[in-house]
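Read-outs throughout are calculated quantities, based only on the coordinates presented, and are distinct from any laboratory measurement. Computed from a predicted structure; not experimentally measured. Cβ sites come from the backbone with ideal geometry, for glycine too, and all protein chains shown count toward neighbours.
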Amino acid sequence: MKKILEVKGLTQLYGKGCDLCFDATGPDKETNICPHCGSVVALHNLDFDLFKGEILGIMGESGSGKSTAVKCLYFDQAPYAGHAFFYDDDRQYDLFTLNPAQRRVLRNRRFGMVYQNPNLGLNFGISAGGNIAERLLMNQVSNYGDIRARARELLTRTEVLPERMDELPKNFSGGMQQRVQIAKALATRPPLLFLDEVTTGLDLSVQARILDLILEIQAELDTAMVVVTHDLGVIRLLAGRTLVMKYGRVIESGLTDQVLEDPQHAYTQKLVASAL
Amino acid sequence: MTEKPLLIAENLSKTFFLHEQNKTIPSSADVNLYVYPGKLTALIGPTGAGKSSVLKAIYRTYLASSGRLLFKTEAGDELDLVRVSEHRMLELRKSEIGFVTQFLHTLPRQKTLDVVAMPLYRQGIDKPEARARAAELLAELNIPQRLWEVPPATFSGGEKQRVNLARGLIASPRLLLLDEPTASLDAATTDRVVELIQRKKAQGVGMLAIFHHADLVERMAEEVVELKAPAAVAA
Amino acid sequence: MKQGIQFAFLDEYAKREIRRTVLKAIAIPGYQVPYSSREMPMGRGFGTGGLQLTLALVGLGDTVKVIDQGSDDSVNAVNLRKFIELTCPGVDTTTRLQEATLIQSRHRIPERPLRADQILVLQVPYPDALVIVEPSEDKRKVMHGEADYARLLVKLYEDIVKFDEITISHRYPTRINGHYIIDPSPIPRYDVPKLNDAPALMLFGAGREKKIYAVPPHTLAEPLAFDDVAFRVEDFTDEHGNRRACHLCGATDSFLDEFFDEHGDKLFQCSDSDYCTQRQEAGA
């Protein structure tokens, strides 16, 4: 099994920061906010490895830092500290030392991202097909016919009716908007996909359909994924391994079925017991 | 003939600690057992003796509290499953250790045939061939053909169990864990399952099983290990 | 007290800065170089950018031609020409393209090919082709720097989806020297091919937006298109498939303006008035 991503000491802090921030925050202090300077420690010392074709779940409640981690890795934010290494065939990238042009190349070609809010992942001013075309056009595809065909193929694969390909996403249901996002994220066949609460807020039947789709695609393309969610059902269904986070720290990690059936930490036990 | 064991459990124990209630709950204590290739070891004992937890500890669904689980891999290495890395465990689950549990977890829309064929897909076997083998097994277990293209979510308990079994038996892992595989089955189907298990043994699969009926232990087990309920821990 | 006007109106510092800007623009073909655009005695939007270029570059011995939409006679062209005559004594003006060394134009490139010793100055309202897809100038700068024009190409894609063709009629985005995409000012599509591998230097001045950019001589200028949906110029064929001709000089190779005469009949006429006039003089 080959490693595709290695994250070490990933830390994110909002505010001016002080020497006491990290010790004064965390799950045992029951807070993210430093009582001395008011800075928010969103994430502290996150370490994990991800292997090719593997799905890692990051589970936690609001304020756990799970989304922050993924935003840093996708370059939506610059972290306060830490390293991340991306292994792509023979190449190795030290993510947080890359220049903007290099970051853009990885973002467009080797990573995919699906946000909880489709407004972040899609351009609502252009058609569904246009959204996918945008990703392909960033990758030097210059044949209109090819772009059309690929967009149609992707939308069909994500169960969006091809007849609706030229419509604006604002006319789609939430579930369909998410499926367009997934199609767009997969347009360049990235080996690494980030999914940030992608089914949160959707109807249960719609959620099931999307989760099914994600797994089918994962099996076909062997995409490694980081799935961020607060929903135990999603974790159980998708992830082979899981990290549980609270107040910016990882409090437990293990094989998903073990974390859900034999949770060690008090918080994890409470979470699991609270699942409906 | 002294065949080398496939799995050796040495003083395996499992204890749960519930933080909220501040309680320690012992599940199984000082379990010692052997599983040999091509043979079935049965775990017997009263309810609460921790039989299921032994299986789960081997599969890493539970973290063992103490003891060792020495497993002989395909490549000939001897690993302690209690200490092996998560990734290694995932690999082992994929190709060497199988577990037929009491519950069937499937994707909402996955068809029964695909559920059963999944372990073969994972091994890279051609879809048509995998599905054909799945069909054979389902037929042997009396799942009617009209249900094969339907997701098993709406099946009866017994039907789900048979799908679970088919999925567990379709590939040939080196070690197969079985948790009450025939619990909701009628006599005829139980006989079929017994046949299938004997066939697996003949293929060299080593098994560790919990049966709900002493009779089945008689029919299928070469080794029997009895577990006693662990002593309650003083609060 | 004798009241004198500085030659070419601008002070020497202003001229020097513009010339330096021009050199930089030539060195980085298609890159919009910012400059401190001076207040001119006409409102923004009336060609102050083009005029500043002309005034910074003109010298004794130059002959200047000024056209607006191809015509030497339009009000704006006349006013600009008069201003140049007033402030640049010793500099000739002309309507004949061959006689000019510097041509300032709004919205058209002359029909007759330019020579290596001529400079064309185009008046530009909006210098940035990306302004239609990105409102933030900071982000646009990064996009230009990284040649990230995907969103612009998506606009073309959407056009083709809706109308089966790219419907941009003027300000057609054009890639210069393989990197920067420029807005070539509101010249019609018809004129865009004239940018490619031209012997003359083409300068673009946006006074209001304070940018100057250049297409140096013999530089690659490629209008944006797809491999399978090519760039097309305006189609001047009539319903019988014949290429329309100018009703005055009979030219079938110039950009034609369409208008109605006093009887209500539709007429087609060369937009480039000098080209048309010379053809008529030659006895077409």
**Study point:** Label-point separation, A:Val272 to A:Thr156 (7 Å along Cα→Cβ), nm
**Key:** 4.4 nm
Review point. For B:Pro173, what charge total do you get from the other residues with a beta carbon under 11 Å from its beta carbon, if Lys and Arg give +1 and Asp and Glu give -1?
Key: +2
Practice item. Report the charge-dipole magnitude of the range B:46-131 in Debye, nearest 20, computed about the Cα centre from +1 at each Lys and Arg Cβ and -1 at each Asp and Glu Cβ. Key: 360 debye
Point to revise | Per-q log10 I(q)/I(0), chain A, q = 0.14, 0.16 Å⁻¹ (Debye; single scatterer per alpha-carbon; no solvent) | key: -1.01, -1.27
**Study point:** Gyration tensor verdict on the range C:5-125 (Cα atoms; rounded if a/c is under 1.5, prolate if a/b is larger than b/c, oblate otherwise)
**Key:** rounded
Point to revise | For chain B, calculated [θ]222 nm from helices alone, where every DSSP H run of n ≥ 4 adds -39500 (n - 2.57) | key: -10500 deg cm²/dmol
Review point. In whole angstrom, how far apart do the alpha carbon centroids of the range B:182-215 and the range A:120-139 sit?
Key: 55 Å
Point to revise | Whether chain C is rounded, prolate or oblate, judged on the alpha carbon gyration tensor where a/c under 1.5 counts as rounded | key: oblate
Study note, to complete from the structure: In deg cm²/dmol, rounded to the nearest 500, the helical mean residue ellipticity at 222 nm of chain C, built from -39500 (n - 2.57) for every DSSP H run of length 4 or more, is -7500 deg cm²/dmol
Review point. Using a ≥ b ≥ c from the Cα gyration tensor of the range B:1-128 (square roots of the eigenvalues), is it rounded, prolate or oblate, where a/c under 1.5 gives rounded and otherwise the larger of a/b and b/c decides, a/b for prolate?
Key: oblate
Review point. Which of A:Asn139, A:Ala208, A:Asn45 sits closest to the plus end of the dipole of chain A, meaning its Cα is farthest towards the positive end, when Lys and Arg get +1 and Asp and Glu get -1 on the C-beta?
Key: A:Asn139
Practice item. Evaluate the relative contact order of chain B (contact order divided by residue number), counting alpha-carbon pairs under 8 angstrom at least 6 apart; express in whole percent. Key: 30 percent
Check your understanding: What does the convex hull of the Cα atoms of the protein assembly as shown come to per residue, in Å³, rounded to a whole number?
Key -> 222 Å³
**Study point:** Cα centroid separation - the range A:181-240 against the range C:84-116, whole Å
**Key:** 64 Å
Practice item. Please identify which residues in the range B:125-142 have an amide N closer than 20 Å to a label point set 7 Å out from the Cα of B:Ala202, following the Cα→Cβ vector. Key: B:133-142
**Study point:** Size of charge dipole - the range C:117-177 - debye, nearest 20, with Cβ of Lys, Arg +1 and Asp, Glu -1, no other charges
**Key:** 80 debye
Check your understanding: At what distance in nm do the modelled label points of A:Ser142 and B:Glu195 sit from each other, each positioned 7 Å from its Cα along Cα→Cβ?
Key -> 6.6 nm
**Study point:** Across B:Lys4/B:Lys72; C:Lys139/C:Lys211; B:Lys111/B:Lys201, pairs whose alpha-carbon gap is larger than 20 Å
**Key:** B:Lys111/B:Lys201
Revision key, fill the gap. Ranked from fewest to most other Cβ atoms within 10 Å of their own Cβ, A:Thr31, A:Thr25, C:Thr167 fall in the order C:Thr167, A:Thr31, A:Thr25
Revision key, fill the gap. The exposure ranking of C:Leu86, A:Leu195, fewest beta-carbon neighbours within 10 Å first, is C:Leu86, A:Leu195
Practice item. Working from Cα positions, state the angle (0 to 90°, nearest 10) between the long axis of helix A:144-157 and the longest principal axis of chain A. Key: 60 degrees
Practice item. Evaluate E = 1/(1 + (r/R0)^6) for C:Phe163 and C:Tyr126, where r is the Cβ-Cβ distance and R0 equals 22 Å; express this FRET efficiency to the nearest 0.05. Key: 0.45
Exercise for review: At a Cα cut-off below 23 Å, give the lysines reachable from A:Lys170, other chains included and same-chain residues fewer than 8 away excluded.
Suggested key: A:Lys184, C:Lys155, C:Lys162
Revision key, fill the gap. Out of C:Pro188, C:Phe204, C:Ala225 - ranked by how far each Cα lies towards the positive end of the dipole of the range C:152-236, with unit charges on the beta-carbon of charged residues - the top one is C:Phe204
**Study point:** Summed residue charge, Cβ within 14 Å of C:Glu12's Cβ, Lys/Arg positive, Asp/Glu negative
**Key:** +3
Review point. Near the amide H of C:Ile181, under 5 Å away, which other amide H atoms are found, from residues 5 or more places off or on another chain, if H is placed in the peptide plane?
Key: C:Ile176
Review point. In the protein assembly as shown, what percentage of the DSSP-assigned beta bridges are antiparallel, given to the nearest 5?
Key: 55 percent
Review point. Measuring from centroid to centroid over Cα atoms, what is the spacing of the range B:136-166 and the range A:78-111 in Å?
Key: 47 Å
Revision key, fill the gap. The whole-number value in µm²/s of the Stokes-Einstein translational diffusion coefficient for chain B, with Rh from the Kirkwood sum over alpha carbon pairs at 25 °C and 0.890 mPa s, is 133 µm²/s
Review point. Counting pairs of alpha carbon atoms under 8 Å apart in space and at least six apart in sequence, what relative contact order in percent does chain A give?
Key: 26 percent
Point to revise | Residues whose placed amide H lies under 5 Å from that of A:Phe51, excluding near-sequence neighbours | key: A:Ile4
Check your understanding: For A:Val228, A:Val234, what ranking results if the residue with the fewest other Cβ atoms within 10 Å of its Cβ goes first?
Key -> A:Val234, A:Val228
Practice item. Would you work out the charge dipole size for the range C:152-284 about its Cα centre, treating the Cβ of every Lys and Arg as +1 and the Cβ of every Asp and Glu as -1, and quote it to the nearest 20 debye? Key: 660 debye
Point to revise | Anchor A:Lys2: lysines whose Cα lies under 20 Å away (excluding residues fewer than 8 positions away in-chain) | key: A:Lys52, B:Lys94
Review point. Net charge near A:Asn117, counting Lys/Arg +1 and Asp/Glu -1 over other residues with Cβ under 10 Å of its Cβ?
Key: -2
